[in-house]
Amino acid sequence: MPKKRTGSRTEDLLIQPAHVILFCAVILTLLGIITLFSASAHSGPDPYFYLKRQVIWGGIAVLAGIVVSVAPLEKSKPLAWIGLALLVVGLILVLIPGIGVLVNGSRRWLSLGPMRLQVSEFAKLGFVFALAVYLGANQRHITTFWRGFVIPLALTGLVSGLIILQPDYGMAALCGAVGFCMMYLAGTRLLYLIPSVMTLISLFGVALYLSPTRWRRIISFLDIEGNRLDGAYQLWQAILAFGAGGVHGRGIGNGRQQMAFLPEAHTDFIFAVIGEELGLFFTGGVLLLFAVIFFIGILHLRRAPNLYQYLLVAGALIVITFQALINMAVVTGCVPTKGMPLPFISYGGSNLVATFIVIGLLINTSNSWAKAPLPNKKRNLKEIVA
């Protein structure tokens, strides 16, 4: 007699979540390359300029993902602090005139010959790695004030503070949100977290108010149509792109927004190009693929062998998900304009490499956790990481 089949389809899928996640990542990356060529075709004398550079970075990204996919996670713990220290030095170097590259009033890049490295893209992952190592090592002290709250808060503040000096308010807010989510998942007391979150949100609001450029973006966001020729011009053009694309889109290469109408069409606002040329079904498909990556990753966390690996994967998933949500919310006019690349799709080598490092991490844990038994559905975090 054939053996009785046990478990649900979800449990079968959890055995190899890497296959599903890798499929989604490949589809998004290919869509990004196709859209990038269309979006940058009118950006200069060489219509292949951005495409060639993105393909080169794509090769580097795949190589980085492969390395991470086979790295021993437990033996890599000591590297977390070395990596974080180097990244902090990098975040300091970009602030120094003559070393950091100044673009549109912000210093976020280090020059590497013909290419630029955005240190904050790697700092967000190095920060997740270090915080996961620390919280995992101090699991028994998570509910205490100093070791469970003050020290991880200081790590979060260090990275976010250096990034906000560039200035890059969006990336700083992303790192802060990820840090607090990881602390909450680890078990830090809400008595400490809630007041600190409210205080930091207030301070962040004051910082925005004191920055004339960013405050103008918020004011323009409150009346997009009234400011469509001024502070809300970029967002207004993105909205027009979605409207022109409709359900079916105008076709690849037939969009007009990238013809100097929509600034930064190949970077932060590439989602609008997808909306105009490919329509509602493809923009919905992009959202669906990101949702699949997130939910498959969350279900995958049920197999985590300890708190360190649980937080490492959870933090990486939160980084990718929050970044995608912020980008799509900005481009569709749900939140004020903020430069934030769309993972896998936007032009930018640093972001692409960092994103594939996350994919490599998910593949790594999918292989190493494959033999772990699935926990009971009612099992909580404390039981998972015990």
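All of the numbers you see were taken from the coordinates with simple rules; none came from a lab. None of the values given here were measured: they were computed from a predicted structure. Note that each Cβ is placed from the backbone with ideal geometry, even for glycine, and that neighbours are counted across all protein chains shown.
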*Listing L84, L30 from the residue with the fewest other Cβ atoms within 10 Å to the one with the most, what is the order?*
L30, L84
*Taking other Cβ within 10 Å of each residue's Cβ, how do S196, S160, S350 sort, fewest first?*
S196, S350, S160
*For helix 307-331, what angle does its Cα long axis make with the longest principal axis of the chain, in degrees from 0 to 90 and rounded to 10?*
20
*asked:* Nearest 10 degrees is fine. How inclined is helix 169-186 to the longest principal axis of the chain, computing both from alpha carbons?
replied: 20
*GNM top mover of P167, P195, P152 - the chain, alpha-carbon springs below 10 Å*: P195
*Enumerate the calculated ³J(HN,Hα) couplings along the stretch 100-116 in order (Karplus 6.51 cos²θ - 1.76 cosθ + 1.60, θ = phi - 60°), each rounded to whole Hz, writing x wherever the residue is Gly or Pro.*
x, 8, 8, 9, 6, x, 10, 10, 10, 10, 10, 7, 10, x, x, 10, 10
_Strictly over 27 Å apart at the Cα level, which of K75/K124; K75/K338; K124/K338 would you flag in this model?_
K75/K338
*Compute the normalised compactness of the chain: alpha-carbon radius of gyration over 2.2 N^0.38 Å, N being the residue count.*
1.01
_Projected area averaged over orientations for the stretch 25-95, convex hull of C-alpha atoms, nm²_ = 7.0
*Within a Gaussian network of the chain (alpha carbon springs, distance under 10 Å), most fluctuating of V119, V67, V331*: V67
_Suppose R0 equals 30 Å. What FRET efficiency, 1/(1 + (r/R0)^6) with r the Cβ-Cβ distance, do S368 and V292 give to the nearest 0.05?_
0.90
*Just tell me the longest site-free run in the chain, where the sites are trypsin sites (Lys or Arg not before Pro) in a DSSP loop having at most 13 other beta-carbon atoms within 10 Å.*
76-370
*asked:* Using the basic label-point model (7 angstrom from Cα toward the beta carbon), what is the N254 to H19 distance in nanometres?
replied: 3.7
*Angle in degrees between helix 212-222 and the longest Cα principal axis of the chain, rounded to the nearest 10*: 90
*Using only alpha carbon pairs under 8 Å that are at least six residues apart, calculate the relative contact order of the chain and give it in whole percent.*
27
*How big is the charge dipole of the chain about its Cα centre, in debye rounded to the nearest 20, if each Lys and Arg gets +1 on its Cβ and each Asp and Glu gets -1 on its Cβ?*
1320
*Give me H266, H248 ranked fewest to most by other Cβ atoms within 10 Å of their Cβ, as a rough exposure proxy.*
H248, H266
